[in-house]
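Shown next, in structure tokens, is the structure this report addresses.
The values are calculated or read from the model by the stated rules, or taken from the named source; none is laboratory data. Values in this document were obtained by computation on a predicted structure and should not be read as measured data. Glycine gets a Cβ as well: all are built from the backbone with ideal geometry, and neighbour counts include every protein chain shown. Ligands, DNA and RNA are stripped out before the accessible areas are found, and what is left, the full protein with its side chains, is counted by its heavy atoms. Shrake-Rupley method; radii C 1.70, N 1.55, O 1.52, S 1.80 Å.
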Amino acid sequence: MPHNHHHGDCGHESHDHDHDHDHDTTNLGPNDNLFPYIDRDNVIALNSSGGGSEVIKPWDKRNNDVFLESDSDDQLILRIPFTGSVKLRALILKAGPTDQTPDKVALFANQQSLDFNDVADKTPTQEFDVAQSEDACEYAVKAAKFSNLSSLTVFFPSSQGANTTRIYYIGLLGQWSERKGNPIITVFEAQANLADHKKIQGTDGAFNTPQI
């Protein structure tokens, strides 16, 4: 049995040979990997003894022994902020082994403060069934629903039978751009905060009611 890694276990993403990165650039990984644009210092994991950022690692470290495991039960939430605006193309996930693999993964776009109470009432932007596999499996998202991301919340609602869920690697593929809105908003806020601004609107401060 020459193949210890069961590529077929990834299901719908089993043989993705249309992309060059499956062959010559194995160590570099997909060239649109968003790892450099994830704000790893502010990644948060809920219901875990780890911080979360330890499983968001470079492609060539995806098979190392560092993992994130759920704590009091098999549910796990990761909040992943970006340093700019992201158009997401795919999630790559390496989990397990066997029944510690999550049953599903639910993705929420721009819901940075979600906790376990919130996710029960919210519909995920997209969710996937997770395959048991020794490999990192790619799950393509509907790009239109993830086209202007400032953060991604990843929710694992249950394991495939174990008391805890274990994650080894989370990778995100897509396009990154600088968030153009921030500098403009900052300028307008600065103008609005000028001390003289309101005095111009009224007469000697006699009118306290806003004019707008």
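Of note:
- C-alpha center-to-center spacing [region 40-112, region 124-182] in angstrom: 8
- Backbone amide hydrogens, once placed in the peptide plane, bring Leu114 within less than 5 Å of nothing, excluding anything fewer than 5 places away on its chain.
- Pairs of Cα atoms farther than 15 Å apart, region 97-154, %: 54
- Ligands, DNA and RNA excluded, the heavy atoms of Leu149 present near 0 Å² of accessible surface to a 1.4 Å solvent probe.
- Net charge contributed by nearby residues that have their C-beta within less than 11 Å of Ser159 (K/R +1, D/E -1): -3
- Estimated distance in nm for a label pair at Ser49 and Asp73, the labels positioned 7 Å out from Cα along Cα-to-Cβ: 2.0
- Sites Thr83 and Asn31 - FRET efficiency at Förster radius 22 Å, r taken between beta-carbons, to 0.05: 0.75
- Listed values for region 70-86 are Karplus-derived 3J(HN,Hα) couplings in whole Hz (6.51 cos²θ - 1.76 cosθ + 1.60, θ = phi - 60°), namely 5, 9, 7, 8, 9, 8, 8, 10, 10, 9, 10, x, 10, 8, x, 9, 10, and x replaces Gly and Pro.
- Asp65 accessible area, 1.4 Å probe, all protein chains in place, Å² to nearest 10: 130
- Label-point separation, Glu127 to Ser177 (7 Å along Cα→Cβ), nm: 3.2
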